[in-house]
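Asks: Would you mind keeping the following structure in view while I ask a few things?
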Amino acid sequence: FKGGDTCESLLSSGRFLGEKVWQPHSCMMHKYKNSEAKNCLIDKHVVFIGDSRIRQLFYSFIKLINPQVKEEGNKHGNIPFEDKSASIKVDFLWYPEVNGSMRQRIKSWTEGSVAKPHIIVAGAATWSIKIHNGSNEALTQYKINITSIAPLLEKLAKSSDVYWVLQDPVYEDILSESRKMITNEKIDAYNEAAVRILNSSSRNSKAKVKVFSVSKLIAQETIMKSADGLHLPESSRDTNAMILMNVYCNKIMKPIDGSCCQPQPPLTLIQKLAFCFFTLSIIGYLIINLIHRNNFRKNKSCTDLESGEEKKPAISTPNVSTLEMLLHSFCKLGLIMTYFYLCDRANLFMKENKFYTHSSFFIPIVYILVLGVFYTENTKETKVLNREQTDEWKGWMQLVILIYHISGASTVTLPPSLYILFLLSSDSFQVLFRLNFLVVVLCIVMDRPYQFYYFVPLVTVWFMIIYATLAIWPQIVQKKANGNCLWHFGLLLKLICLLTCIYFLSYSQGAFEKIFSFWPLSKFFELNGNVYEWWFRWKLDRYVVFHGMLFAFIYLALQKHQMISEGKGDPLFSNRVSNVLLFISIVSFLTYSIWASSCKNKTECNELHPSVSVVQILAFILIRNIPGYVRSVYSSFFAWFGKISLELFICQYHIWLAADTKGILVLIPGYPMFNVLVSTFIFVCVAHEISQITNDLAQIVVPKDNSTLLKRLLCIAGFFSGLLLFSAVQDQSRH
């Protein structure tokens with residue numbers, strides 16, 4: 001379903017998520033802060049003209065600029081507001097009826113000598129109904145008056161944003177006697193007249209008066225909470241003001257989580273080059289495939305004319321060359337990246353805001369836990385943190401994080417140690433390629449900085465730090481360590497030096513920012529023009545890699561001295577030691593969980609987290625590995641997701657969630673559960689396919705032959721140099 005005109009949707013349709021959260025149809029609404037509202041409206045003049053309902057909207061609007069404003073002043077008079085710091089003027093003009101006086105004021109703005117307001121919000125009708133006791137003559141006169149005003153508003157709409165607010169329904173049961181003639185039937189008649197007359201002469205023109213009809217829908221749900229049956233409760237007025245702010249400001253401020261009224265961003269030079277590359281890859285693959293198929297048909301078995309027997313060909317399948325495999329991978333990747341772009345950059349599919357409920361979070365959690373326990377199998381090996389176990393760990397963690405994200409519960413940072421635990425056993429260049437390939441492609445296609453996908457830079461840097469720590473002199477290999485225990489102290493000394501460096505950088509933000517602000521490092525780690533986000537993410541789990549390396553060292557030492565038993569079904573230590581450690585681990589795990597869940601000050605908890613998170617991680621490892629029967633089984637369901645956990649974590653940004661994780665992608669509107677099922681199925685299939693593509697390309701791009709590898713690395717260096725050059729040109733053209 002096409003997203004359509006999101007501005008029109010924002011002004012005319014939507015629904016409530018819960019009691020106070022308004023969800024526009026097909027797009028996401030940004031919640032503007034005071035500073036953002038000021039930046040958007042700087043040097044602007046806004047005018048609200050109408051009755052008491054428009055006055056309410058006026059007050060809600062100016063409170064977005066200055067929350068300290070009080071609703072004071074003459075209720076039946078003009079009310080000025082000015083914010084001198086941002087040169088913003090907002091005026092309320094008391095014109096409770098659509099009549100000659102209102103027409104004269106609007107006409108004055110169309111004359112050249114008077115400065116036109118940048119935004120005009122108008123609307124009135126209930127006073128006409130009340131004063132004339134709901135007579136049909138009053139309705140006829142209203143039509144005549146609005147007909148005379150409509151051309152003036154349309155003329156203003158060519159240079160200003162003009163909104164006509166339709167009349168909200170009333171709660172007739174609690175209206176005072178003096179307002180009993182204001183019925184919903186009369187209000188509907190006045191609204192129909194306004195909609196029919198406005199823009200009647202400019203239907204084919206872009207300059208139109210925007211009809212603000214969404215207020216009517218909001219009032220239908222909330223007017224029962226009105227104090228007098230006529231005026232909306234404060235929360236509804238605030239929602240209307242926020243909608244108005246989104247309509248005008250989204251195209252100026254371009255907030256990530258405000259997709260309403262935002263035009264589709266133009267293609268950058270790098271995106272155009274990427275599109276050409278993938279197109280050529282698809283064409284190239286199709287040509288090679290057709291040639292191979294044609295050759296294969298020619299070599300196919302033919303019937304022996306003399307014996308009538310069918311001869312089998314020497315080769316049953318065509319040879320797949322490296323070039324064909326490369327083009328095949330890029331062909332699939334190009335189609336997948338097209339889907340990414342259509343989902344989160346083109347205005348093709350709808351996007352909605354997240355909304356948290358306990359059921360939307362806990363029901364899926366229970367469901368996946370039941371499935372995980374159901375799919376239990378024996379492990380191939382029973383060592384501590386064997387491959388199946390680490391895949392399982394990553395799998396259930398990733399699924400929980402995905403549910404956190406889509407349910408709007410929170411956001412979580414994955415501890416990088418979980419990936420580094422098994423990455424170290426692989427070839428380092430292949431590891432770096434597999435970690436970064438998808439993110440680099442997404443940076444190009446989705447026009448996002450590298451640091452935006454913060455987890456991959458985090459893991460990449462920590463992996464390189466571990467590699468460098470172990471590679472620098474003196475290099476301590478297993479043969480040396482087994483020959484002389486003094487080498488163990490050398491390794492511990494390296495770890496202490498690493499800890500000292502981490503500690504120094506964590507308490508010296510200035511030094512940290514200087515290191516990563518140098519070009520070209522700054523291109524990789526800057527987000528929104530600075531490296532603060534990178535500093536925050538790095539600092540949050542700064543000791544977890546040191547803890548992981550120390551754990552690995554202790555584990556190998558215990559293994560060497562045969563102090564642990566890793567046989568199938570055997571407890572890890574002696575029965576007494578195992579029981580004591582298991583009890584301590586369970587208590588520690590529960591204590592940490594209670595502390596973390598009861599955390600009220602996020603800043604203080606973030607400061608403690610790097611030092612104490614090791615308690616829960618170590619406790620979990622011991623609980624999972626001390627009992628032999630627990631260590632010997634794993635969940636194949638969780639392990640399957642664990643194998644593609646990196647792809648799942650990155651792909652969710654654009655094809656499961658929307659607006660860079662701020663919202664939810666809507667492929668099937670009107671059916672939330674069915675939409676999640678369909679989008680999840682596509683999302684998981686795409687993540688699995690990208691994992692296969694990355695593995696195939698890793699074998700080609702990072703060969704085992706050193707001379708070939710050197711050539712490929714030079715090509716990769718040239719590619720990134722060109723990318724940095726194009727990025728610099730692109731940034732310059734934007735400025």
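Asks: Residue by residue through segment 455-464, note down the ones that are surrounded by fewer than 20 Cβ atoms within 10 Å (Cβ to Cβ) and either touching a residue at least 60 places away in the same chain (Cβ under 8 Å) or within 17 Å of the chain's Cα centre (by Cα) (or both).
Replies: Keep residues of segment 455-464 that are surrounded by fewer than 20 Cβ atoms within 10 Å (Cβ to Cβ), which gives 455, 460-461, 464.
Answer for segment 455-464, where residues must be surrounded by fewer than 20 Cβ atoms within 10 Å (Cβ to Cβ) and either touching a residue at least 60 places away in the same chain (Cβ under 8 Å) or within 17 Å of the chain's Cα centre (by Cα) (or both): PHE455, VAL461.
Asks: Another question about this same structure. Taking into account only those residues within segment 600-631 that are hydrophobic (A, V, I, L, M, F, W, C) and touching a His at 6+ places or on another chain (Cβ under 9 Å), which is farthest from GLU377 (Cα to Cα)? Before the answer, list the steps.
Replies: Within segment 600-631, the subset hydrophobic (A, V, I, L, M, F, W, C) is 605, 608, 612, 614-615, 617-623, 626, 630.
Right, trim to touching a His at 6+ places or on another chain (Cβ under 9 Å) and you get 614, 617-618.
Numbers: VAL614: 28, ILE617: 23, LEU618: 24 Å.
Across segment 600-631, the extreme among qualifying residues is VAL614.
Asks: Moving on to the next point. Here's a check for you: in segment 679-714, which residue that is of a type in the set (Gly, Ala, Ser) and under 19 Å from SER428 (Cβ atoms) is least open to solvent (accessible area, probe 1.4 Å)? If you could, list the steps in order and put the result at the bottom.
Replies: The initial filter retains those residues of segment 679-714 that are of a type in the set (Gly, Ala, Ser), namely 679, 687, 691, 698, 707.
Narrowing further to those that are under 19 Å from SER428 (Cβ atoms): 698, 707.
Details: ALA698: 0, SER707: 70 Å².
Among those that are of a type in the set (Gly, Ala, Ser) and under 19 Å from SER428 (Cβ atoms), it is ALA698.
Asks: Restricting to segment 390-399, what's the tally of residues that are open to solvent by 10 Å² or more (accessible area, probe 1.4 Å) and either out of contact with any helix residue (DSSP H, G or I) (no Cβ under 6 Å at 6 or more places or on another chain) or under 18 Å from PHE683 (Cα atoms) (or both)?
Replies: 5
Asks: Moving on. Identify, by number, the condition in (1) open to solvent by less than 10 Å² (accessible area, probe 1.4 Å); (2) assigned to a helix (DSSP H, G or I); (3) of a type in the set (A, V, I, L, M, F, W, C) that VAL676 doesn't meet.
Replies: With respect to (1) open to solvent by less than 10 Å² (accessible area, probe 1.4 Å); (2) assigned to a helix (DSSP H, G or I); (3) of a type in the set (A, V, I, L, M, F, W, C), VAL676 is out only on (1).
Asks: Taking segment 560-571, which residues are over 44 Å from the mean Cα position of the chain (by Cα) and not small (Gly, Ala, Ser)?
Replies: Within segment 560-571, LYS560, HIS561, GLN562, MET563, ILE564, ASP570 qualify.
Asks: Scan segment 630-640 and tell me whether some residue there is of a type outside the set (S, T, N, Q), closer than 27 Å to TYR339 by Cα and under 21 Å from the mean Cα position of the chain (by Cα).
Replies: Checked against the condition, which is being of a type outside the set (S, T, N, Q), closer than 27 Å to TYR339 by Cα and under 21 Å from the mean Cα position of the chain (by Cα), segment 630-640 yields no hits at all.
Asks: Still on this structure, I have one more. Across segment 444-485, what is the number of residues that are more than 30 Å from PHE726 (Cβ to Cβ) and charged (D, E, K, R)?
Replies: Looking only at that region, the number is 2.
Asks: Of (1) surrounded by 17 or more Cβ atoms within 10 Å (Cβ to Cβ); (2) within 37 Å of the chain's Cα centre (by Cα); (3) part of a helix (DSSP H, G or I), ASP168 satisfies all except one. Which?
Replies: The failed condition is (3).
Asks: Can you give me the number of residues within segment 525-551 that are without any contact (Cβ under 8 Å) to a residue 60 or more places away in the chain, over 30 Å from MET253 (Cβ atoms) and open to solvent by 30 Å² or more (accessible area, probe 1.4 Å)?
Replies: Summing the residues that are without any contact (Cβ under 8 Å) to a residue 60 or more places away in the chain, over 30 Å from MET253 (Cβ atoms) and open to solvent by 30 Å² or more (accessible area, probe 1.4 Å) in segment 525-551 gives 1.
Asks: Given the condition open to solvent by 40 Å² or more (accessible area, probe 1.4 Å), acidic (Asp, Glu) and in a helix (DSSP H, G or I), answer yes or no: does some residue in segment 643-651 qualify? Write out each step before concluding.
Replies: Of segment 643-651, the ones open to solvent by 40 Å² or more (accessible area, probe 1.4 Å) are 643.
Retained after the next criterion (residues that are acidic (Asp, Glu)): none.
No: segment 643-651 contains no residue that is open to solvent by 40 Å² or more (accessible area, probe 1.4 Å), acidic (Asp, Glu) and in a helix (DSSP H, G or I).
Asks: Residue check: is PHE355 surrounded by fewer than 17 Cβ atoms within 10 Å (Cβ to Cβ) and either among the hydrophobic types (A, V, I, L, M, F, W, C) or over 30 Å from LYS254 (Cα atoms) (or both)? Reasoning before the result, please.
Replies: Numbers: surrounded by fewer than 17 Cβ atoms within 10 Å (Cβ to Cβ): yes; either among the hydrophobic types (A, V, I, L, M, F, W, C) or over 30 Å from LYS254 (Cα atoms) (or both): yes.
It is true that PHE355 is surrounded by fewer than 17 Cβ atoms within 10 Å (Cβ to Cβ) and either among the hydrophobic types (A, V, I, L, M, F, W, C) or over 30 Å from LYS254 (Cα atoms) (or both).
The rows are residues; the columns are (1) modelled with pLDDT of 90 or more; (2) within 30 Å of VAL729 (Cβ to Cβ).
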site: HIS488; (1), (2): no, no
site: THR500; (1), (2): yes, no
site: SER508; (1), (2): yes, no
site: PHE512; (1), (2): yes, yes
site: ARG537; (1), (2): yes, yes
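Asks: When residues of segment 97-107 are filtered for being open to solvent by 20 Å² or more (accessible area, probe 1.4 Å) and more than 18 Å from ASP161 (Cβ to Cβ), how many remain?
Replies: Number of matching residues: 7.
Asks: Mind counting the residues in segment 60-90 that are out of contact with any helix residue (DSSP H, G or I) (no Cβ under 6 Å at 6 or more places or on another chain) and open to solvent by 30 Å² or more (accessible area, probe 1.4 Å)? Reasoning before the result, please.
Replies: Here is the first cut: in segment 60-90, the residues out of contact with any helix residue (DSSP H, G or I) (no Cβ under 6 Å at 6 or more places or on another chain) are 62-63, 66-68, 70, 72-80, 82, 84-85, 87, 89.
With the extra rule that they be open to solvent by 30 Å² or more (accessible area, probe 1.4 Å), the set shrinks to 63, 66-68, 70, 72-76, 78, 80, 82, 84-85, 87, 89.
Adding up the residues that qualify gives 17.
Asks: From the list GLY670, GLY628, GLY642, pick out the single residue that is at positive phi and assigned by the TED database to the domain that holds SER691. Quick ask: steps written out before the conclusion?
Replies: Details: GLY628 fails: at positive phi; GLY642 fails: at positive phi.
After ruling out the rest, the residue left standing is GLY670.
Asks: Where residues in segment 658-673 are of a type in the set (Gly, Ala, Ser) and touching a helix residue (DSSP H, G or I) at 6+ places or on another chain (Cβ under 8 Å), which of them is surrounded by the most Cβ atoms within 10 Å (Cβ to Cβ)?
Replies: Filtering segment 658-673 for residues of a type in the set (Gly, Ala, Ser) gives 658-659, 663, 670.
Among the residues that remain, those that are also touching a helix residue (DSSP H, G or I) at 6+ places or on another chain (Cβ under 8 Å) are: 658-659.
Details: ALA658: 26, ALA659: 23.
Here the residue is ALA658.
Asks: From TRP487, TRP519, grab the single residue that is within 26 Å of PHE429 (Cα to Cα), outside the structural domain of VAL729 (by the TED database) and either in contact with a helix residue (DSSP H, G or I) (Cβ under 8 Å, 6 or more places away or on another chain) or open to solvent by 50 Å² or more (accessible area, probe 1.4 Å) (or both). Spell out how you get there, then give the answer.
Replies: On the way: TRP487 fails: within 26 Å of PHE429 (Cα to Cα).
Of the residues listed, the single one that is within 26 Å of PHE429 (Cα to Cα), outside the structural domain of VAL729 (by the TED database) and either in contact with a helix residue (DSSP H, G or I) (Cβ under 8 Å, 6 or more places away or on another chain) or open to solvent by 50 Å² or more (accessible area, probe 1.4 Å) (or both) is TRP519.
The values are calculated or read from the model by the stated rules, or taken from the named source; none is laboratory data. From a predicted model like this one, the values you see are computed outputs, not experimental measurements. Virtual Cβ from ideal backbone geometry, glycine too; neighbours counted across all protein chains shown. Just the protein is used for accessible areas: all its heavy atoms, side chains included, with ligands, DNA and RNA removed. Shrake-Rupley method; radii C 1.70, N 1.55, O 1.52, S 1.80 Å.
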